[in-house]
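The values are calculated or read from the model by the stated rules, or taken from the named source; none is laboratory data. Remember, predicted model here, so these are calculated numbers, not experimental data. Here Cβ is always computed from backbone atoms with ideal geometry, including for glycine, and neighbour counts include all displayed protein chains. Just so you know, the surface numbers come from the protein's heavy atoms only, side chains and all, with ligands and any DNA or RNA stripped out. Shrake-Rupley method; radii C 1.70, N 1.55, O 1.52, S 1.80 Å.
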Amino acid sequence: MVKLPPIPPERLPGLLAASPKAELHIHIEGSLEPEMIFALARRNGVALPYAGVEELRRAYAFTDLQSFLDIYYAGASVLLHEQDFYDMARAYLARAAGDNVVHAEIFFDPQTHTARGVAMEAVINGLYRACADARAEQGISASLILSFLRHLSEDDAFATLEQAMPLLDRIVGVGLDSSELGHPPEKFARVFARCRELGLHVVAHAGEEGPPAYIWGALDVLKAERIDHGVQAVHDPALMLRLAQERIPLTVCPLSNQKLCVFPDLSRHNLKQLLDAGLVATVNSDDPAYFGGYVNDNFTQTFAALPALTARDAWQLAGNSFEASFAAAADKRAWQHRLEECFARHAGRG
Ligand SMILES: Nc1ncnc2[nH]cnc12
Ligand SMILES: [Zn+2]
């Protein structure tokens, strides 16, 4: 085990905020703040079923994943032009850079947009240009993961992949999101096989609300390299063993889990249990505009709610996020070095 410098407990919140970290589970449409939703609605002449920002915010009282997704897709309806996707992603990347995110792997849901007549090129080019400009101006690296909507058919996913083919060099991988229950990973076996043949990385949401069987399916059938959420794995000891032994990362999103009632309260979250079992868990924001916080809010609120989490866990979570990313090995080493420097800066006299 790495010997860490001693961190006085009162310095832990500052350390969590200052730590370099990678964010690997963020839906860019879930970063649309109500103010930006209304600004884009005005710019694009889109009517919304809410009178204003406050009324929209009041509707963010979710009971489960589906109750959130209904509002999330309504919010995304204001995105029409390449510039809208660019502005949304620049706003997120500026916030992320402020949280000391050094690298972000960003989900986007093209089917939400192409179904409304938006061209795939507008979606991908707007997001890609934002990533390039943010890297140049803020020094944050970012890549894109095209996510298939699992409530739609596999044929629809294939048609979406076809539309994205000319732009595949602009994405690093594919994912699977939206309504989990009733839409097991097996439904997308063929399209994921094709994506792997194309050399894309593959990840999948599994075990957010769904049972451990969906995580097995994501691993065995989709060959997912990371599991998004995965918190239901704790109900299956054999699965926990496999995730630990094969070092399959989980991109955990504590505030999302709290807001969508996956756990009754943040103090009941199983993040510590996952880490203690040796899993490569990471902390992420999922849909920060809807769940009350960006990645640093996820870190600080979760550590406050779970006093068993220590500076060593903070070290592990940041290191895990680098290991779990699809970035180059040289970048991972450089970020790990920055993490060491950050811990040294926050150390007390040991
Ligand atoms: N938490 C989540 N689970 C599944 N699909 C999503 N799309 C956006 N956020 C999601
Ligand atoms: Zn998600």
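Overview of values
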{"quantity": "Selection status of Y72, touching a residue at least 40 places away in the same chain (Cβ under 8 Å), farther than 21 Å from D169 by Cα and of a type outside the set (D, E)", "calculated": "yes"}
{"quantity": "L241 being out of contact with any His (no Cβ under 9 Å at 6 or more places or on another chain), farther than 30 Å from L32 by Cβ and either open to solvent by 10 Å² or more (accessible area, probe 1.4 Å) or not aromatic (F, W, Y) (or both)", "calculated": "yes"}
{"quantity": "Matching entry among A97, A61 (being aliphatic (A, V, I, L, M) and not in a loop (DSSP other than H, G, I, E, B))", "calculated": "A97"}
{"quantity": "Scope the range 1-37; condition under 24 Å from the mean Cα position of the chain (by Cα) and either free of Cβ contacts under 8 Å to residues at least 40 places away in the same chain or in a strand (DSSP E or B) (or both); matching residues", "calculated": "K21, A22, E23, L24, H25, I26, H27, E35"}
{"quantity": "Residues satisfying the stated conditions in the range 128-183, i.e. in contact with a Cys (Cβ under 9 Å, 6 or more places away or on another chain) and of a type in the set (S, T, Y)", "calculated": "S141, S143"}
{"quantity": "Residues within the range 294-326 that are surrounded by 21 or more Cβ atoms within 10 Å (Cβ to Cβ) and not in a helix (DSSP H, G or I), tallied", "calculated": "3"}
{"quantity": "Output for the range 247-269, where each listed residue is away from ligand 2 (no atom under 16 Å from the Cβ) and polar (S, T, N, Q)", "calculated": "S267"}
{"quantity": "Residues (open to solvent by less than 30 Å² (accessible area, probe 1.4 Å) and not basic (K, R)) located in the range 145-167", "calculated": "I145, L146, S147, F148, L149, E154, A157, T160, L161, A164, L167"}
{"quantity": "Selection status of A91, in a helix (DSSP H, G or I), hydrophobic (A, V, I, L, M, F, W, C) and either under 18 Å from the mean Cα position of the chain (by Cα) or crowded, with 23+ Cβ neighbours inside 10 Å (or both)", "calculated": "yes"}
{"quantity": "Filtered residues of the range 252-293 (kept if surrounded by fewer than 18 Cβ atoms within 10 Å (Cβ to Cβ) and away from ligand 1 (no atom under 14 Å from the Cβ))", "calculated": "P264, D265, S267, R268, K272, Q273, D276, A277, G278"}
{"quantity": "Number of positions in the range 224-238 that are open to solvent by 10 Å² or more (accessible area, probe 1.4 Å) and of a type outside the set (G, A, S)", "calculated": "6"}
{"quantity": "One residue from G75, G14, G45, G30 being at positive phi and not polar (S, T, N, Q)", "calculated": "G45"}
{"quantity": "Odd one out for L274 among (1) more than 16 Å from ligand 2 (Cβ to nearest atom); (2) closer than 20 Å to L24 by Cβ; (3) assigned to a loop (DSSP other than H, G, I, E, B)", "calculated": "(3)"}
{"quantity": "Qualifying residues in the range 165-180 (those that are of a type in the set (D, E, K, R) and farther than 20 Å from A233 by Cβ) - the one nearest to the chain's Cα centre (by Cα)", "calculated": "R170"}
{"quantity": "The range 152-164 residues that are within 10 Å of V191 (Cα to Cα), paired with ones that are of a type in the set (K, R) and open to solvent by 50 Å² or more (accessible area, probe 1.4 Å) (beta carbon under 8 Å, 6 or more apart)", "calculated": "E154/K187; E154/R190; F158/R190; F158/R194; L161/R194"}
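Conditions (1) within 20 Å of the chain's Cα centre (by Cα); (2) within 15 Å of ligand 2 (Cβ to nearest atom); (3) free of Cβ contacts under 8 Å to residues at least 60 places away in the same chain; (4) open to solvent by less than 30 Å² (accessible area, probe 1.4 Å), marked per residue:
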| residue | (1), (2), (3), (4) |
| --- | --- |
| G182 | no, no, yes, no |
| R190 | no, no, yes, no |
| R196 | no, no, yes, no |
| L200 | yes, no, yes, yes |
| E209 | yes, yes, no, no |
| A213 | no, no, yes, no |
| A218 | yes, yes, yes, yes |
| L222 | yes, no, yes, yes |
